[in-house]
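What follows is a short report on a single structure.
Quick note: the coordinates plus some simple rules give every number you see, no bench work behind them. Everything numeric here is computed off the predicted structure, so don't read it as measured data. When we count neighbours, we look across all protein chains shown, and the Cβ atoms used for this are built from the backbone with ideal geometry, even at glycine.
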Amino acid sequence: MLHLSGAEVTMHHLQLLTLSELAAHLGRSAETIRKDLRRNPDAVPPRLQLPGTRLLRWRAVDVEAWLAGHAGHGVNHG
């Protein structure tokens, strides 16, 4: 069992993923994610808008929640 201190839990919630890190985590190409941001925003986790920048970043906790909410979608049980 993994035990994290309060500071470690807070840092995990604050961890930001870059486009390439998100792509690796999802097993998709960065270009596909970029295209989906424009064409099919529901196909990617919600991104974080950093004021005054055009950087693409995702909070790790948001990505995990998005994946948990999509677990099992597209699986044929019949």
_Taking 25 Å as R0, compute the FRET efficiency from the Cβ-Cβ separation of Gln15 and Asn40 and round it to 0.05._
0.50
*Over the Cα atoms of the stretch 13-70, what is the Rg over Rh ratio if Rh follows Kirkwood?*
0.93
_Between Thr53 and Glu31, how high is the FRET efficiency from 1/(1 + (r/R0)^6) when r is the Cβ-Cβ distance and R₀ = 22 Å? Nearest 0.05._
0.60
